[in-house]
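This report concerns only the one structure given below.
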Amino acid sequence: MCRASLGSDRAVAAVLDVSPSQISRWRRGQVPDADNSDRLAGLSLVVEMLDRWLEREVVADWLSGSNAHLQDRAPAFLIRRGQVADVIGAIEAEKAGVYA
């Protein structure tokens, strides 16, 4: 799902801060380490939420753009740091029309 919404393995790799070849290895069955597994699960959850709310073409831009609900940090930055709950909070706030 992440690849479909973000457009490529390279885009998924950029969000997770890993090499595109690492994404390819995971797709072929290699198991990610615990940290990357957590980041991948967090990204999958966030992308699933965004896919229900935004047009697919906008998802990658939303993840990489500055977000006022996240103190002007990019959601992708926080996903890499394991702060998925903050990103989910920003999605919920934006969906509810809350201004930051």
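Where a number appears in this text, it was derived from the coordinates with a stated rule and is not lab data. What you see is a predicted model; the values in this text were computed from it and never measured. Every residue, glycine as well, gets a Cβ built from its backbone with ideal geometry; the counts of neighbours run over all protein chains shown.
May I ask you to compute the full-extension gain from SER37 to ALA85, defined as 0.36 nm times their residue separation minus their alpha-carbon distance, rounded to one decimal in nm?
Using 0.36 nm per residue and subtracting the Cα-Cα distance, I get 15.7 nm.
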#### Entry: For segment 26-54 versus segment 76-98, the gap between their alpha-carbon centres in whole angstrom
15 Å
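Please give me, ordered by residue number, the chymotrypsin sites (Phe, Trp or Tyr not before Pro) of segment 33-100 that lie in loop per DSSP and have at most 12 other Cβ atoms within 10 Å. Before the final figure, lay out the partial values.
On the way: sites: TRP53, TRP62, PHE77, TYR99; in loops: TYR99.
Those that pass, being in a loop and sparsely packed, are TYR99.
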### Query
Is it possible to state the helix-based mean residue ellipticity at 222 nm for the chain, with each DSSP H run of 4+ residues giving -39500 (n - 2.57), the sum divided by total residues, to the nearest 500 deg cm²/dmol? What is it?
-20000 deg cm²/dmol
### Summary
Contour minus Cα-Cα span, ARG52 to SER24, at 0.36 nm per residue, comes to 7.5 nm
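Size of the dipole of segment 2-95 about the Cα centre, Lys and Arg at +1 and Asp and Glu at -1 on the beta carbon, nothing else charged, in debye to 20?
Rounded to the nearest 20 debye, it is 360 debye.
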### Two-decimal Rg/Rh across the chain, once Rg and the Kirkwood Rh are taken from alpha-carbon atoms
0.97
